[in-house]
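Worksheet: the structure to be examined is printed underneath.
Nothing in this text is a laboratory measurement; each read-out follows from the coordinates by a stated rule. None of these values were measured; they are calculated from a predicted model. As a convention, Cβ positions derive from the backbone with ideal geometry for all residues, glycine included, and neighbour counts pool all protein chains shown.
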Amino acid sequence: KELTDERMKRLNAIGFTFNGEVEMNNARPQKDEEDVQFDHLYNLLVDFKETYGHVQVSKMMKIWHHGDEEPTRKEYKRLPFFIARVRNEHEYFLEGKPCVLDSERVQKLTDLGIKWKRPASESRKGSGAKRQKREKAAQEDCDNRNGENVEDDEEILTARDRCIGSTAANNYNMME
């Protein structure tokens, strides 16, 4: 597999040195364009927090977009993209993949007030994860009993048909 320029940048960002062989370099490499850009946008985010008292730039973007208020610095309009990128890079960081973040930068951003994305393995409030677990358990219960014939209201129904009906009833009751 060929090593692309993007992959080389990411490897360089975490300290790899290429000398015929790949070896780990413990020292952080000299600042490249990506580091300079990160530092500039981080400092801009610090200024934003000092001005507005928070780092919820998307909230302010909505206000600015509606024309209710103007940003004190036009550069602040770049911050939502920076935060989105940093959050994506944070996922790479957690997975141990090459990225522009290191533990020091993650800590600085966390201390500043950045809220990180939850890992996909964690359920999110209002995501329906509990309902999905209940439905899966009911489906597994139905699958385990599939094929049993049960007489109900003078009709022969399979256990699966009864489970599907009860699951639909449960969902209907939850909506009320």
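Observations on the structure shown:
- Difference of contour (0.36 nm per residue) and Cα-Cα distance, residue 139 to residue 43: 29.4 nm
- Gain on full extension, evaluated as 0.36 nm per residue between residue 8 and residue 92 minus their Cα-Cα distance, stands at 28.7 nm.
- Nearest-0.05 FRET efficiency for residue 68 and residue 32, computed from C-beta distance (R0 45 Å): 0.70
- Within region 30-87, the ratio Rg/Rh, alpha carbon atoms throughout and Rh by Kirkwood, equals 1.01.
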